[in-house]
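Step one of this worksheet: look at the structure below.
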Amino acid sequence: MSTASWSVRRSISDLIEQVDQSAIRLVTTAATLSDADVRGPSMLPGWSRGQVLLHVARSADAYTWLLRSARRNTQPGSRPSTTAPPDAAATAMEVTGDLQVSLEQFAAEIGKMPADAWGHVVTALAGWPHPAWFTLRRCLRELETHHFDLGRGYGTRDWPTSYAAWALDDTLATMKAQRFPLGSAEAIDLGRTWTITPGGPSIAAAGHELLGWLAGRSESPGTNSDTTLPIPPPWPQPPATLPVLPGEQF
């Protein structure tokens, strides 16, 4: 096996582990919810916690379908919807069980993927293409973001550093391509600075705080009263270019 091929396999293996651990954390939190908690409001305006959890479940179903499509190199039946209306009367046990089954099915499909299928290009529901392995990134983003949205003590500070670093890279590269009027962003704890649009205002804060702001989950951090920052666009945006893993070669 070449060094490049080994690097790709290691990167995918690391991503799978991150998704597994993130899924465990979310399901563990979901299992603590009562029926009243599930029907109560989440941090997302107009969404109950149950709606958030069922959205994650339906997204996992869609990711399973995408991996199956990549593995078979064909579309395996109708694409599942991520916006199926939840049952308002569903109990906490039903919602958590639904979530767990969908995540387990996604994990099972991951286990069936041959090495070369990870490089097959699939198409997101919104119409943009990406390699099959990027489905792991998308799932991780869903799990971490919507865990925060439950409002049960899982904050941006709890986001793993590896996730925050990747999500900042991905988000700020897209904003640069879109000429978002932010001069630069510095993640002081990560030792990273991104230049977006020269001449715009700058922001410096911890990586998780930057990502929370860009993701529309928190106020802009690390600024003073004399700094006016632009409003981030709806998040997430499709990557500016086709995503590539370090040393990618299938």
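The values are calculated or read from the model by the stated rules, or taken from the named source; none is laboratory data. Please read these numbers as outputs of a predicted model, since none were measured by experiment. No Cβ is skipped: glycine too gets one built from the backbone with ideal geometry, and neighbour counts run over all protein chains shown. The area values use the complete protein model at the heavy-atom level, side chains included, leaving out ligands, DNA and RNA. Shrake-Rupley method; radii C 1.70, N 1.55, O 1.52, S 1.80 Å.
Observations on the structure shown:
- Around the amide H of R192, modelled in the peptide plane, lie the amide H atoms of A187, all under 5 Å away and 5 or more residues distant in sequence or on another chain.
- The peptide list 26-32, 61-67, 189-195, 113-119, put in order of mean Cβ contacts within 10 Å with the highest first, becomes 61-67, 26-32, 113-119, 189-195.
- Of all complete DSSP H helices in the chain, those with a Cα span along the helix axis of 18 Å or greater and a mean Kyte-Doolittle hydropathy of -0.5 or more are 3-30, 49-72, 92-112, 161-177.
- Ordering 98-106, 237-245 by mean Cβ neighbour count within 10 Å, with the highest value first, yields 98-106, 237-245.
- With the biggest extent put first, the Cα atoms of the chain measure 53, 51, 28 Å across the principal axes.
- Taking amide hydrogens as placed 1.01 Å from N in the peptide plane, the amide H of V122 sits under 5 Å from those of H130, A132, each at least 5 positions away in sequence or on another chain.
- The mean accessible area for residues of the range 107-250, using a 1.4 Å probe and ignoring ligands and nucleic acids, is 45 Å² per residue.
- Test item: Cα-centred dipole of the chain, Lys/Arg +1 and Asp/Glu -1 on Cβ, debye: 580
- The chain - percent of accessible surface contributed by carbon and sulfur, probe 1.4 Å: 52
- Look at the dipole of the range 12-114 built from charges on Cβ: of N73, A107, L44, the Cα furthest out on the positive end belongs to N73.
- Inter-part distance where the range 21-84 and the range 90-115 are each reduced to a Cα centre, Å: 9
- Estimated 222 nm signal from helices in the chain, with DSSP H stretches of n ≥ 4 weighted -39500 (n - 2.57), rounded to 500: -16000 deg cm²/dmol
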